[in-house]
Structures are given as structure tokens and as C-alpha cells.
Amino acid sequence: MRIGAADRDSWRDTAYTDRSFVTRVSGVHADDADPGNRAIGAPTSSATLPSLLVSMFQHARIIDGMHVLDVGTGSGYGTAVLAARLGGDRVTSIDVDPYLVAPAEERLDRAGYRPIVRTLDATGPLDGEWDRIIATVSVRPIPTSWLAALRPGGRLVTSIAGAGLLLTADRTPDGGAEGRIEWDRAGFMTTRTGLDYPPELVDRIEVARTAEGEHVAAGRFPVVNVMEAWDLWSMLGVTAPGIDHDYREGCDTRTAIMAHPDGSWTRAVEAPDGQVTVHQGGPRRLWDLLDAIRTRWLREGHLPVNGAHAMVAPDGAITRRRGRWSTTIAD
């Protein structure tokens, strides 16, 4: 069974014009915001590129007869593709936001697909077992409920929160999983347990925007938009997880802000003449960590995170190893 051209156009229009794109910003649904108001906060959903979904499905190695858990229903497009491939009775799709789930289920029904669609926190207990778990949300570490829900030999495909890394791993007899960090790039919003992300994320960035640094120095490298520099972002995300980023350009200046829940923060400003001033505060020097990664990249010509061997422990901790480099992310 295949999705026809009319269906493809419908899902495309839905993804970018309906409430599947950005649903909540700072506690208010975008649909309900006053006209002309500028939303401040972290969007809670976005449309996944169809090409990325196809890539993830390919990495999952789906074959006839499998049962698949689709984590992150969104517009329902990916769920429809899975249902077209396997049949609706073999696809379960979950999302934490009922504002997304209800219209997605309606779209699926209109398109003739009848998968199981639930409003559910993906990081909590899961009622069922599946051959494949494919997540269009990012996690760190892997939820233990996912490992428990994978059938023997089952495979999960997900991205690691705070990094543009796609993880594929097959369940091992000890209840963990083993696989690799793929060379493909994938960045998704992180899982959440409520309708919005905690406001502390925005607060940390805003504090760093104007604070006077405990340590102020000239920067060694130009200011970079870390989240657009995939390799830098990924390497920093696994060696110093939990950093939030903000980047802005204006008036011939470039400003990058980094903030961490432990109170560490940095603000790097590049002036029109190319001079960079870095303000840093808190227990760690975040910009120094980034500079160390950039220095390694220049010295060695690559970063070891992509293509790394990945081991997922039964408690969800992820250990990556490539050559003599290794790092572990746990709770």
C-alpha cells in the first residue's frame, strides 16, 4: 500500500499550516496567541522533514509482520507512512500533547489508516512490546521503558538530546542495546512530561544576555552558531550535556550565548572588526570547553563522535567509543 499524491499534498499542507508545527510557546498555544504578539519561549513541536523520516525508517530495517512504536505523533505523517507499509493494526503512535494527538488521529482516519494512537508520556511505562521503536523526539539517556518494550532482537532508532546524533541499537540479552552513532544528522526536540518546557530554560538565556562575566577575555576563534555547526554541537553535547544555546546577529555583531542548569554561562560577542569578547560565569567555563573541541578539530581534522560504537546499558546510560575516545551519558 502506498500514500497517493493527494495524500502527500494533504500531509505537507498540514505540517506547515495546521497546528502540528508549533503548538505551544511559553504556555500559550500558537493558534490562540493574540495577533501581532511576539512569542517568547521554546516551541514544543515541529514538522519533521519527510526525507529524515524515510532515513530513520531505513535505519530501522522494517520488514513485513513487524509491530512498530512511533514515538512523537506530531502531524501523523510518519504514522501514516508506517501504517501504509505495515497495516494500522501493527503501528502504535504516542505523543505527550493531546492538542496534537486528536487532530492527527482525525487526519489518519480521513486517509483511511487505523493505527493505535495514544496520548502518553513516552518516558514513562509503556503497555506493550514492539519489534521496532522509532522516535522523532530526542532523549538522554534512553528511557528504560523503551528497552523493556523492545522484543528480543528488536531495534530502536532515536536521537540523543542536546546533540545532532542519530542512534541505532539492537536489544541485547542483558536488557540493554548495542549499535552505533550513524553518520546521518538528526536533531529533534527533547521529550517532555507536560504541555510546555520548564521556563528556567528561557530564564537562563536571558540572564546570560546581560550579566557581567566573572571572567572576561578575548576569544581565540570567531563566534559560531553552535547549533548550526552540527559536528561541534554534537561533540559538545556528549562531552558537556545539558547546555542551552542562543545565537543572534545584528548591527554587524554576532552574539552566542550558552547556559547550563548548574549556573555556568557564557556570552561571546564578535564586533564588526572581528574582535571577540567572551564573558563567562558560574562553576565551569563553557566557551573554553567549546574552544577545546574546535582546537581538536583543527589539529586532527575530524571529531570522533560520528560513527562511534554505542552501548546502551539496561539503565539507559549510553556509552560511545571510537578508537581511544569514549564518553558516557547517564542520569
*Could you give the Stokes-Einstein D for the stretch 72-203 in µm² per second, using the C-alpha Kirkwood radius, 37 °C, 0.692 mPa s?*
212
_For the stretch 157-247, what does the accessible surface come to per residue with a 1.4 Å probe? Please give it in Å²._
45
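Given that compact globular proteins tend to follow 2.2 N^0.38 Å, what is the ratio of the alpha-carbon Rg of the stretch 231-331 to that value? Walk me through the numbers before you get to the answer.
Values: Rg = 15.7 Å, N = 101, 2.2 N^0.38 = 12.7 Å.
Dividing the Cα radius of gyration by 2.2 N^0.38 Å gives 1.23.
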*Any chance you could list P(r) for the stretch 170-318, counting all Cα-Cα pairs in 5 angstrom bins from zero, rounded to whole %?*
2, 8, 16, 18, 18, 15, 11, 7, 3, 2, 1, 0
*Whole Å is fine, so just give me how far the alpha carbon centre of the stretch 43-105 lies from that of the stretch 251-268.*
35
*Express in Å², to the nearest 10, the accessible area of SER264 obtained by rolling a 1.4 Å probe over the protein heavy atoms while all chains stay in place.*
0
*For the chain, what is the convex hull volume of its Cα atoms per residue in Å³?*
149
*In nm, to one decimal, how far is the ALA292 label point from the ASP109 one, both placed 7 Å along Cα→Cβ?*
5.5
*How big is D, in µm² s⁻¹, for the stretch 149-199 by Stokes-Einstein at 25 °C and 0.890 mPa s if Rh is the Kirkwood radius over C-alpha pairs?*
196
*Quote the Stokes-Einstein diffusion coefficient, in whole µm² s⁻¹, for the stretch 171-224, based on the Kirkwood radius over alpha carbon pairs, a temperature of 25 °C and a viscosity of 0.890 mPa s.*
147
*Could you check the simple spin-label distance between ASP252 and GLU178, using points 7 Å along Cα→Cβ, in nm with one decimal?*
5.8
*Angle between the Cα long axis of helix 286-300 and the longest principal axis of the chain, 0 to 90 degrees, nearest 10?*
80
*Could you state how much accessible area LEU298 has, in square angstrom rounded to the nearest 10, with a 1.4 Å probe and all protein chains kept in place?*
130
*For the chain, which whole-number percentage of the solvent-accessible area (1.4 Å probe, protein heavy atoms only) is attributable to carbon and sulfur atoms?*
51
_Using a Förster distance of 51 Å, the FRET efficiency for ALA271-THR144 (Cβ separation, nearest 0.05)_ = 0.60
*Helix axis angle, 230-239 relative to the chain longest principal axis, alpha carbon, degrees*: 90
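The values are calculated or read from the model by the stated rules, or taken from the named source; none is laboratory data. Values in this document were obtained by computation on a predicted structure and should not be read as measured data. Please note: Cβ atoms are built from the backbone with ideal geometry, for glycine as well, and neighbour counts cover all protein chains shown. All accessible areas refer to the heavy atoms of the entire protein, side chains included, with ligands and DNA or RNA removed. Shrake-Rupley method; radii C 1.70, N 1.55, O 1.52, S 1.80 Å.
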